[in-house]
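Derivation of every value follows stated rules applied to the coordinates shown; laboratory data play no part. Computed from a predicted structure; not experimentally measured. Note that each Cβ is placed from the backbone with ideal geometry, even for glycine, and that neighbours are counted across all protein chains shown.
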Amino acid sequence: MTTYTAQIDAAPPKDKWPLSRRFMLEESQPFFDEMRDTRPILELPELTMVFRYADCGLILRRHDDFGVDLYRPKQGDYFMAQDDTADHWRDKSIMKSILDFEQIPNIRTFVAETAARILASAKGSIDLPKSLTRAVPAAVVQNFFGMDSGDPDKLIEWSYWNQQDAFHNQPFDAVAVPDPDHIVKMRERSNIMLALYMGRLVLARAAKIKIGLGGDDSISRLLRLSFSDGVKFPLKKVLFNAGGLLIGAVETTSHTVNNAIAELLGRPQELAKAKAAADTGKPEDLDGFTLEALRFRPAFPYFFRTCHRITELGGGTQFARTVGPGTTVLAVTHSAMFDPASFSDPKTFDPGRSHGDNFTFGFGMHECLGRAIAKPMISEIVRQIVRLPGLTAAGPVVMRGGVPESFPLKWQA
């Protein structure tokens, strides 16, 4: 059989990246195994891919050397589109603090009750992304983040198009995106609608806070902080960052839950163990099953960065290469999570595995802002699904724009 590297080397320059991308998405494990062993740094005309844990960690950890330049045209002045700036450090610290860690048990209970109610009303069949995995995080946004007056369908739509443009409509995605301009237009339209909604919401909430009637949701907390003048956080920041809470919560949660369920359904023995844990154990007992399923099937198989200075990758090995400023680099973290140098017995599904080095929620400065909330929220939705008796897939996962758009399930009602 012709090796992956031989096929890539033999392909015309314009076909090397599309071919490598197809291998990464469709034949991931054998492709990754070979690349880690024989070509851990793959230099292509459009970009450079790295496959080993050490190099992926280096790229995501060294924010001075590898930046998030490609986010800026999509996200503007949002702090996650900046590296090591005052706005980034201040805004991210504030946003982490107002996502109250003490509320996590309440959020988990709310997620459990909301997911269970939707599943009970489905009466034995459901299309996950259409009826559950977007609806539940949208409800969390409404009930805990303060967007209770929003139309959930609109909240989902605004999150979707922002995620599409930021993560699935980059220049190197042109090989798979038929109309990138349409995605940009839909993101811009969504942001206009989101800004109008957030403006009205913040003004109304601010008036209540001024007379002592504000709530305990995230937006109310941001407003109190802004009004205190204790830190540089004007109302514009409140609007911008509150919108970021929505954008980051809905679509990524949906994607990860669908991936975790698809992986577990493909592993009957692990599914049975997960169901037993869900039926008889503590809610947290499902966290390991969920994280391990996402190690095998992550929502994001890579994270992209732009090189800022000449940097050696693969240092101290026969594969050492340098990348120069302006190079787009893909840290293929899906491969890195199967690197035996960092994950013992990586091909074994082990729900008891330590996930301290897991890339599911990102790594380094740009690690997921809401990681503390996202993990139990995702795991709790998974827990409610695997508890269903006789759970089976009624069809395949159908992807649209890189995310699950349809995934029908059925069970014994």
**Request:** Take the cross-link list K154/K237; K96/K123; K208/K375 and give me the ones stretching past 28 Å between alpha-carbons.
**Result:** K96/K123; K208/K375
**Asked** Among all helices in the chain defined by DSSP H, which have a length of 30 Å or more along the axis from Cα atoms plus a Kyte-Doolittle mean of at least -0.5?
**Response** 180-210, 235-265
**Fill in**
Sorted on mean Cβ neighbours within 10 Å (highest first), peptides 284-295, 120-131 come out as 284-295, 120-131
**Fill in**
Rounded to one decimal in nm, the spacing of the 7 Å Cα→Cβ label points at Q269 and V175 is 3.6 nm
**Complete:** Packing-ranked peptide list from 68-76, 332-340, highest mean Cβ count within 10 angstrom first, is 332-340, 68-76
**Message:** Less than 14 Å apart at the alpha-carbon level, and either on another chain or at least 8 residues along: which aspartates and glutamates does that give for K185?
**Reply:** E157, D165
**Message:** Please enumerate, by chain and number, the aspartates and glutamates with C-alpha under 15 Å from the C-alpha of K236, excluding those fewer than 8 residues away in the same chain.
**Reply:** D77, D87, D91
**Message:** Give me the one-decimal Kirkwood hydrodynamic radius in Å for segment 1-137, with the sum taken over alpha-carbon pairs.
**Reply:** 19.6 Å
**Request:** Show me 199-211, 183-195 ranked by packing, highest mean number of other Cβ atoms within 10 Å first.
**Result:** 183-195, 199-211
**Message:** I'd like the distance between the alpha-carbon centres of segment 150-182 and segment 347-384, rounded to an integer number of Å.
**Reply:** 23 Å
